[in-house]
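The values are calculated or read from the model by the stated rules, or taken from the named source; none is laboratory data. Predicted model only: the values in this text are computed from it and were never measured. As a convention, Cβ positions derive from the backbone with ideal geometry for all residues, glycine included, and neighbour counts pool all protein chains shown.
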Amino acid sequence: MQAFFIVTAIAATLGGAAWLFSYSHQLQKQRHFERKVQARKRNWTYEGVRDGRIDYRFAGAARGVEWSMWYDSDRGDKSPTPKAYWKSANVRTPQLSLVIIGHKRYQMEGGTVGRILMDVVTGVAQAVSGRSEIRADKSEFYETAILLEDGTAAFRERYAVAVAPDMPRDWLDEELRTLLLKWPKPRRGAAYSADEKVEVTLRADGLQIVAQRMPEDFALWHHMAQLGEALAHRLAGQARR
């Protein structure tokens, strides 16, 4: 009788595992189909084939700004922190000249201790990779960066916008501040705390937005693309003046 119960328990466990696998597979197929349909509606391209850690990609163009967007699962890392990326090479500067991050994170990174820690991390990365070209460009940037004081006090409490001394300073308008502050609420779970997880940079390889642990709802992908396009157009417009 005991053997019968053991066999029954094993069979139930295996059956449950099979059901979970099947459900997960169907959910992934549904999400893939939704992303494909939504991308087509917006004249974006979509690639749903996994490539290393990247699960899928989008690409689009708007008023001369071409961009790509992808989901990096961090698969295989010991401490995975999945990230969503948006990037355009149409807007560039010779070196790091813009950083938009949460105010609390800026206080940590921009201080003396934060810059020292970034230098240490960069040194370790150089030693591990053997690449001498890796450098703490953000640490150097913070030494001379100017913090923009545009917008309301509520915006400045949540975000820090730091620019190089030679960067224009009148491009941060109400639309950009709203896009940074008001991200769509995911279908499941709490609101996305973008000021704690989103970082914008502008450097030699282009304009980039990185969103850590961003829910994969398409509404958030669409919002991220809107933010990237708006930033790229404002910055490109300033560069043409």
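Give me a count of the residues in region 148-184 that are free of Cβ contacts under 8 Å to residues at least 40 places away in the same chain and surrounded by 12 or more Cβ atoms within 10 Å (Cβ to Cβ). Looking only at that region, the number is 9. Selection of region 66-90 for residues being at pLDDT 95 or above and out of contact with any Phe, Trp or Tyr (no Cβ under 9 Å at 6 or more places or on another chain) yields only 66. Within region 212-237, track down each residue that is surrounded by fewer than 18 Cβ atoms within 10 Å (Cβ to Cβ) and acidic (Asp, Glu). Selection gives 216 alone. As for region 165-184, it holds no residue that is in the same structural domain as residue 84 (by TED's automatic domain parsing), at positive phi and modelled with pLDDT under 90.
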